[in-house]
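The block underneath contains the structure these notes are about, expressed in structure tokens.
The values are calculated or read from the model by the stated rules, or taken from the named source; none is laboratory data. In this text the structure is predicted, and so the values were computed from the model without any measurement. Every residue, glycine as well, gets a Cβ built from its backbone with ideal geometry; the counts of neighbours run over all protein chains shown. Accessible surface areas use protein heavy atoms only, side chains included; no ligands, DNA or RNA. Shrake-Rupley method; radii C 1.70, N 1.55, O 1.52, S 1.80 Å.
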2 protein chains.
Amino acid sequence: MSHVLILGGDGYLGWPTAMYFSARGYKVTVVDNYFRRHVCDELDVGMLYSLPTLVERAKIWYEKTGHEIKVVIGDLTDPELMRSLFTGDKLRYQWSIGERFSGSPETVIHYAEQPSAPYSLMNYKTANFTLSNNLIVTNNLMFAVKDLSRDTHIIKLGTMGEYGTPNIDIEEGWIDIKHKGREDKFLFPRQSGSIYHTSKIMDTDLLWFGCRVWNLKVTDLMQGPVYGVETEESKIDSRLKTIFNYDELFGTIVNRFIAQAVIGYPLTVYGKGGQTRGYLNIKDTLQCVHLAEKNPAKPKELKIYNQIMETFTVNELAKLTEQAGQDLGYNVTIKNIENPRVELEEHYYNPSYKGMQELGVKPHYLTKDSMIEMFKLVIEHKHQIKEEAIFRGIKW
Amino acid sequence: MSHVLILGGDGYLGWPTAMYFSARGYKVTVVDNYFRRHVCDELDVGMLYSLPTLVERAKIWYEKTGHEIKVVIGDLTDPELMRSLFTGDKLRYQWSIGERFSGSPETVIHYAEQPSAPYSLMNYKTANFTLSNNLIVTNNLMFAVKDLSRDTHIIKLGTMGEYGTPNIDIEEGWIDIKHKGREDKFLFPRQSGSIYHTSKIMDTDLLWFGCRVWNLKVTDLMQGPVYGVETEESKIDSRLKTIFNYDELFGTIVNRFIAQAVIGYPLTVYGKGGQTRGYLNIKDTLQCVHLAEKNPAKPKELKIYNQIMETFTVNELAKLTEQAGQDLGYNVTIKNIENPRVELEEHYYNPSYKGMQELGVKPHYLTKDSMIEMFKLVIEHKHQIKEEAIFRGIKW
């Protein structure tokens, strides 16, 4: 079975992805520098429950399933660490049972980025960190694959936020432009709403350069905000659950709204609430990444998918949260606050997202029932929610 | 008179720009970390003549003209240094006559980037350096202006290389796209031929974000390769001449061809030589930057000019060099070598470049006569040319 290397394997998506592939017989190595945990501690940001370390999780996973997930702890902005994952030179596992998997990984799934728009805009230091972390990790990966393993398929997580909210239909990554009687194909135009999202535009440009010039094989998954916690694998043991942030910095909107509803904190809708985005369940992220792995890009190809399952306005999400909460006996209120972000609050939004459906993804849609399930998990840990962590007023 | 802050003031364009504005009565501060000089020393790259330090140059300039150019030596990837240029806090001049100029600079001209495509592709370390230097300096500048001086006009040097060689006409920065019956205006699509050029695409995206979100005023000058050495100001004293590289790394093509012709080294044309680019004389760079300064962008506006005066194929430049050389009695030969770069060697190329002409630029065209003038300068320093520095075979 092939070897999948997961960069950022401790994160919200990284850890569930590691279990998902491991459960399906893949050889899995995860790498992480605990950035997300450390910054959550530093900023006293809200996590719904504490997590075992990555090594502890890998041990629990092994005890429960007999599958090994090798763990490397380190900073992938160090090019030598990145290269060691391909060559084995001076590679040190924090946890591993057997020998190093022979050869280079067939697939790298790259989640090792600072993923928060508000964090990227706290100040010039967090902005610099976001740009340099996200670009240097991506560049180190690109050069490692170019120099050491051209057959490796790179799957990178992009974001629908790269496109912003243009007044034309959003295609899946590419657009044919006719101009003054001539024609060419280009990356779909992108202009985003934060420094984080801009760093992802840059990543895409960088890897597209690598495809054109070095025949790399890259899949870029333009993902919408992900919600949800439990996956098939996390249900094996409650300690295997992924990180759950309910704060403004790292909490994605659905997760955050549910936490707000549970503690009687009004749902904070920014501005008019007409902002429309594409969303998906964490279980569908796993399906999509797996489908991308099974259908790799060809050499010189940058394959782009718009990884969303449906679209909602912020107001619709607030309404749905309200209804689910009411069913459970909560008195949920919605509060439109002054928008701390510069963004259109009412706009055209019509993204295409057929690619993953053609590959066979089976979407989990966001309904009152699926929300009620998430409510139950949050209610279990209700006493851990720190109200003051929810809203910090980071503006841009 | 207003204050112009020049980042990268020791470089090929930075120093002539400093003298140009200083001669016209502007208050001028230059900042540089000597990256270009240091890397030329490290890599034993060819400089036609050695240069006084930036402080020595500023002193010579002052002696000859009575104009002061304040000099700060430091690394602008340090955000505190960048911010000190706006606040004065802990700002230390390497050379300065009077007090600090009061207030913030009205205009910042940002040349402080690693400017070589081959250098950016020597290896993963130089690639990382290029990305992080160019982006972090730009981001530090953007945040300093946002946080400390929103009225400051940022003039950034971009490059025509951001656009690559698309099959449609290249507009000046922006394009209206009609798609499925709807319409919007976007940055002109960009895909470039090196990591350096990709870093400039990123810079543009970053500053465009700053314009949209913080109402910054930015002019982005998409410049073609510049040739030439002497400017009106450098003629005042021979020690004021700008850096002249004739090597593959930092030598722009015309300068390099002339050096090759003078020492009887065949002109190295990469591949078929049909690569077409837009070019301009260094004197026209100065005119354009000055016109940009006098016609600042408005708040929220990213003004883009394609800063070229004419286009040539590589073959045409080689021919012109041959003719100029022959007139001076040199036996110039042209050699088509295997292209070390991944690029189209024959392609459509039709860039618009009306903006600067509408502002009143008076172009200096590249002719046999203007080439002969450059030959004379190179011939003076002929004994300094190290043949082995010309071609190093950096491939991508």
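Specify which of the listed residues (A:Val108, A:Val31) is out of contact with any His (no Cβ under 8 Å at 6 or more places or on another chain), under 30 Å from B:Ala127 (Cβ atoms) and of a type in the set (A, V, I, L, M).
Criteria check complete, one pass: A:Val31.
Inspect segment B:143-152 for any residue being assigned to a helix (DSSP H, G or I) and among the polar types (S, T, N, Q) and give the result as yes or no.
Filtering segment B:143-152 for residues assigned to a helix (DSSP H, G or I) gives B:143-148.
In the following step, the residues that additionally are among the polar types (S, T, N, Q) were identified as none.
The answer is no, given that none of the residues of segment B:143-152 is assigned to a helix (DSSP H, G or I) and among the polar types (S, T, N, Q).
Every residue in segment B:173-213 that is facing chain A (nearest Cβ under 7 Å), in a strand (DSSP E or B) and surrounded by fewer than 19 Cβ atoms within 10 Å (Cβ to Cβ), please.
Scanning segment B:173-213 gives B:Arg182, B:Glu183, B:Asp184.
Among the numbered criteria (1) open to solvent by 10 Å² or more (accessible area, probe 1.4 Å); (2) within 30 Å of B:Thr53 (Cα to Cα); (3) of a type in the set (Ser, Thr, Tyr); (4) under 19 Å from the mean Cα position of the chain (by Cα), which one does B:Tyr305 miss?
Of the numbered conditions (1) open to solvent by 10 Å² or more (accessible area, probe 1.4 Å); (2) within 30 Å of B:Thr53 (Cα to Cα); (3) of a type in the set (Ser, Thr, Tyr); (4) under 19 Å from the mean Cα position of the chain (by Cα), the odd one out for B:Tyr305 is (2).
For segment B:141-156, give me each residue that is within 23 Å of B:Tyr305 (Cα to Cα) and open to solvent by less than 10 Å² (accessible area, probe 1.4 Å).
Scanning segment B:141-156 gives B:Leu141, B:Met142, B:Val145, B:Thr152, B:His153, B:Ile154, B:Ile155, B:Lys156.
Taking segment B:333-374 as the search range and keeping residues that are open to solvent by less than 50 Å² (accessible area, probe 1.4 Å) and polar (S, T, N, Q), which one is nearest to the other protein chains (Cβ to nearest Cβ)?
That would be B:Ser352.
Kindly check whether there is at least one residue in segment A:244-257 that is within 14 Å of chain B (Cβ to nearest Cβ), surrounded by fewer than 23 Cβ atoms within 10 Å (Cβ to Cβ) and either in a loop (DSSP other than H, G, I, E, B) or of a type in the set (Asp, Glu) (or both). Before the answer, list the steps.
If we filter segment A:244-257 for residues that are within 14 Å of chain B (Cβ to nearest Cβ), which is where we start, we get none.
No.
Residue under question is B:Tyr330, and the condition is that it be under 19 Å from B:Asp369 (Cα atoms) and open to solvent by less than 60 Å² (accessible area, probe 1.4 Å); does it hold?
Here the answer is yes, as B:Tyr330 does meet what is asked.
Identify, please: which residue in segment A:214-239 is within 21 Å of the chain's Cα centre (by Cα) and among the hydroxyl-bearing types (Ser, Thr, Tyr) and is, among those, farthest from the other protein chains (Cβ to nearest Cβ)? Talk me through it step by step, then tell me what you get.
Just the residues of segment A:214-239 that are within 21 Å of the chain's Cα centre (by Cα), to begin with: A:217-235, A:239.
Next cut, among the hydroxyl-bearing types (Ser, Thr, Tyr) only: A:219, A:227, A:231, A:234.
Values: A:Thr219: 18, A:Tyr227: 26, A:Thr231: 34, A:Ser234: 36 Å.
Looking at the filtered set, the residue picked out is A:Ser234.
Cβ-Cβ under 8 Å, sequence separation 6+ or interchain: first residue in segment A:127-154 and at the interface with chain B (Cβ under 10 Å from one of its Cβ atoms), partner open to solvent by less than 20 Å² (accessible area, probe 1.4 Å) and of a type in the set (Phe, Trp, Tyr). Which pairs?
So the pair list comes out as A:Ala127/B:Phe143; A:Ala144/A:Phe86; A:Lys146/A:Trp214.
In segment B:29-132, which helices (runs of 4 or more DSSP H) lie fully inside it and hold 2 or more residues that are open to solvent by 40 Å² or more (accessible area, probe 1.4 Å)?
Of the helices (runs of 4 or more DSSP H) lying wholly inside segment B:29-132, those with at least 2 residues that are open to solvent by 40 Å² or more (accessible area, probe 1.4 Å) span B:35-42, B:54-65, B:79-87.
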